[in-house]
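Right, one structure below, let's go through it.
Any read-out appearing in this document is the output of simple, stated calculations on the displayed coordinates, not a laboratory observation. These numbers come from a predicted model, not from an experiment. Counting neighbours? That spans all protein chains shown, and the Cβs are built from the backbone with ideal geometry, glycine included.
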């Protein structure tokens, strides 16, 4: 953890919080009342404010952070961060005093040294690079993908589909969000900004890993390059995006499996890719399908973590969506993927395929156990007369 975090007093204005976030690149800042933690001020809570003056106190926009204590294990901290959706959380002492801040970046940096970290290949984790940006796209084209940019940078490809760079919200901000004087002369400049080509402001080269690399190598690359995600490339084409949350999900799954057999209610379920504006009924329906599938799976293995990622293709040619599921169990990790226009059919197909995989694995294990227990047939007793003749012939030769 960072033992000397930047903090804000309880009565600080939100303008001060925004200033620190901009200067330091933070998304969350602990807020103290005297010397004790009062809560967190997050970028999301500031962005949602309505009719709030810049002099509004941060005390009115506080978010309760998960309780992180110094004795928590890394998988438990990872689970707390993923569950809260925060990039970082405060570490507090027994009297509520702030001891430090632990972030996803801190956890990812520690992953390569964990002996129990599942060293899966990067092709089996992360989300598919289903949304691509072309280097000759304009800012106007990029604005329609702003929601996806908020989650992670997007790969930029040339006419051959080769990865040439990456673009994120910060890159887009360098073109669009510039202070202006409010005069008429700013209007033509703003209009021209929408026609700026992506290749002129993308960051390059993009941070990549080859398809045969492992999660440990991806974690080291993120730490060395100080990025939150990397692109998986095959023959110079981007195929997947591996983020910090994908790596922490592996840790959560390994940590829960190491605790021994558990109930289906103890399985941690993570659904990513839904927008905040999505209908709550959609998540309820997805949760119902997942719960039914996990009950079937639990007849054969003990599920510890299930990650479901939704990736809309976001093109004018198709309304398809890719649904990917990753299931951590005491018998290993299982994967499935479905693509089509019907989201619920995709989720249902994922659960059916994972159930089938688990059943085949269980049957294979039972067959191996039976083969070890099967008695060895002594072929010498099947034909006593033949055995007598062979022994007699052997004695005559001697």
Q.
Rounded, prolate or oblate for the stretch 8-103? Axes are the square roots of the Cα gyration tensor eigenvalues, ordered a ≥ b ≥ c, and the cut-off for rounded is a/c under 1.5.
A. prolate
Q.
Compute the distance from the alpha-carbon center of the stretch 290-364 to that of the stretch 156-171, in whole Å.
A. 30 Å
(Q) Please give the Cα centre distance for the stretch 81-144 versus the stretch 5-50, rounded to the nearest Å. (A) 20 Å
Q: Using the number of other C-beta atoms within 10 angstrom as an exposure proxy, rank 369, 196 with the fewest first.
A: 369, 196
